[in-house]
């Protein structure tokens, strides 16, 4: 039995990560993954604009139709950029609220990446440093993980989110721009899922659940 799984993703970086890293992995478990980028602006005379921060209304508009077309549906959104989260609301509480807005369908698993996709790239600073040929970037990432207690703790401040830290490191130590869509999935592929799930327990729980959908 093959389970058709839709992943509603926030943007092109998450789309490429799903396509290049998660898809073949989950297929070995009998799960056929299809990532779908949220539509942020619908155009009558041209292509829709896709990718961008998520609101509760946007989430409902995107995910509800998928529930009728796939065996299971999940999300891959950044917790940091979710527009309608309440002050002090935890990622788990927001996930529960998302499910509740859809009346808690059994074939829906909400998931929010804490605090954003780039946190996964902090899973193996030494691998990143070796791949980029830049030891100091590895030191920068390692120090952030050490201070924050893990990749998924690299923080929620607008100035020091995982992506902002990586952008600054690329600019200062490589003299180049961090391209989210290109570098993000590429670095995640270099680390590999075993390394990511070992360092990111929240991500590991989500991935494990997806692996068992066909059981």
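Of the residues 187, 141, 174, 207, only one is surrounded by 13 or more Cβ atoms within 10 Å (Cβ to Cβ) and under 30 Å from residue 1 (Cβ atoms); which?
Residue meeting the stated conditions: 207.
Cβ-Cβ below 7 Å, separation at least six or inter-chain, first residue in the stretch 71-89 and without any contact (Cβ under 8 Å) to a residue 60 or more places away in the chain, second surrounded by fewer than 20 Cβ atoms within 10 Å (Cβ to Cβ) and in a loop (DSSP other than H, G, I, E, B): which pairs?
Matching pairs, first to second residue: 83/53; 83/55; 84/55.
Scanning the stretch 98-115 for residues that are under 26 Å from residue 150 (Cβ atoms) and free of Cβ contacts under 8 Å to residues at least 40 places away in the same chain, which turns out farthest from the chain's Cα centre (by Cα)?
Only one residue tops the list, namely 99.
Return only the number of the condition from (1) over 18 Å from residue 109 (Cα atoms); (2) modelled with pLDDT under 90; (3) in contact with a helix residue (DSSP H, G or I) (Cβ under 8 Å, 6 or more places away or on another chain) that residue 38 does not satisfy.
With respect to (1) over 18 Å from residue 109 (Cα atoms); (2) modelled with pLDDT under 90; (3) in contact with a helix residue (DSSP H, G or I) (Cβ under 8 Å, 6 or more places away or on another chain), residue 38 is out only on (1).
Within the stretch 111-119, is even one residue surrounded by 14 or more Cβ atoms within 10 Å (Cβ to Cβ), farther than 18 Å from residue 85 by Cβ and touching a helix residue (DSSP H, G or I) at 6+ places or on another chain (Cβ under 8 Å)?
Yes: one or more hits.
Could you tell me which numbered condition residue 80 fails, if it satisfies all but one of (1) in a helix (DSSP H, G or I); (2) at pLDDT below 95; (3) surrounded by 14 or more Cβ atoms within 10 Å (Cβ to Cβ)?
Among (1) in a helix (DSSP H, G or I); (2) at pLDDT below 95; (3) surrounded by 14 or more Cβ atoms within 10 Å (Cβ to Cβ), residue 80 violates only (1).
The values are calculated or read from the model by the stated rules, or taken from the named source; none is laboratory data. All values reported here derive from a predicted model rather than from experimental measurement. For neighbour counting, all protein chains shown are included, and Cβ atoms are generated from backbone atoms with ideal geometry for every residue, glycine included.
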